[in-house]
1. Identify which of Ser121, Ser104, Ser50 has the largest mean-square fluctuation in a Gaussian network model of the chain, with springs joining Cα atoms closer than 10 Å.
2. Simple spin-label model, 7 Å along Cα-to-Cβ: Thr19 to Gln61 in nm?
3. Can you compute the radius of gyration and Dmax for the range 12-135, using only the Cα atoms, both in Å?
4. Tally up the carbon and sulfur contribution to the accessible surface of the chain as a whole percent, 1.4 Å probe, everything protein left in place.
5. Can you tell me how much longer the chain between Glu77 and Cys122 gets when fully stretched, taken as 0.36 nm per residue apart minus their C-alpha distance, in nm with one decimal?
6. Whole-Hz Karplus ³J(HN,Hα) for the range 53-65, in order, using 6.51 cos²θ - 1.76 cosθ + 1.60 and θ = phi - 60°, x for Gly and Pro?
7. Per residue, how large is the accessible surface of the range 12-135? Use a 1.4 angstrom probe and give square angstrom.
8. Calculate, for Tyr68 and Asn95, the FRET efficiency according to 1/(1 + (r/R0)^6) with r their C-beta to C-beta distance and R0 25 Å; round to the nearest 0.05.
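The values are calculated or read from the model by the stated rules, or taken from the named source; none is laboratory data. Owing to the predicted nature of the structure, the values given are computational and were not obtained by experimental measurement. Every residue, glycine among them, receives a Cβ derived from its backbone with ideal geometry; neighbour counts consider all protein chains shown. Remember, those area values only see protein heavy atoms, side chains included, never the ligands or the DNA or RNA. Shrake-Rupley method; radii C 1.70, N 1.55, O 1.52, S 1.80 Å.
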Amino acid sequence: MGYNAALIHKKIFIYELATYFYKNEHGTFTKNHLRIGDVVMMQIQDYNESYAIVEAIFSHQGNDNKLYVFIIVKWFEETNRTRLGCPVYRIQTDNRWRHVFPLSAIDLVNNVYFLHDCSNSCTSSHDLLNTDYIRNLYYFKAI
């Protein structure tokens with residue numbers, strides 16, 4: 001964020017849901033809802049579109065007494081596999097990429113759809129050790 005200052009305030013606030021307005025390149029405001037567990041698209045320097053799952057939403061009061069909202073994410077990485085014509089991604093297991101971002105780093109919320117790629121180990125519930133997800137390219141909104 002480009003600030004060089006010591007943190008005076010020690011409190012952080014944790015959220016399950018954040019509602020905020022986003023101004024796009026045409027100057028139009030859109031209302032976004034972000035929840036823990038949502039998949040978001042982010043533009044990261046030196047990479048194309050990148051996808052991540054929101055793990056946490058929190059805010060911190062800066063020295064200027066403004067609240068700054070951040071997210072913690074888990075990144076998806078491409079596997080170069082497809083299922084039903086859709087790309088398969090895996091949750092990244094190493095920590096190559098940064099995981100804490102200001103809320104403004106999100107490009108798209110609720111416009112990217114991923115499904116857990118259930119295997120034989122997913123019987124009555126999702127196997128959390130299976131980190132494969134399918135990006136659903138065929139989802140659309142009926143008008």
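1. Per the Cα network of the chain with a 10 Å cutoff, Ser121 tops the list.
2. 2.4
3. Gyration radius and largest Cα-Cα distance of the range 12-135: 16.0, 53 Å.
4. Numbers: 5370 of 10200 Å².
Carbon and sulfur together cover 53 percent of it.
5. Result: 14.1 nm gained on full extension.
6. Here the 3J(HN,Hα) series is 9, 6, 9, 7, 10, 8, 10, 9, 7, x, 5, 8, 6 Hz.
7. 64
8. On the way: r = 23 Å, r/R0 = 0.92.
With a Förster radius of 25 Å, E is 0.60.
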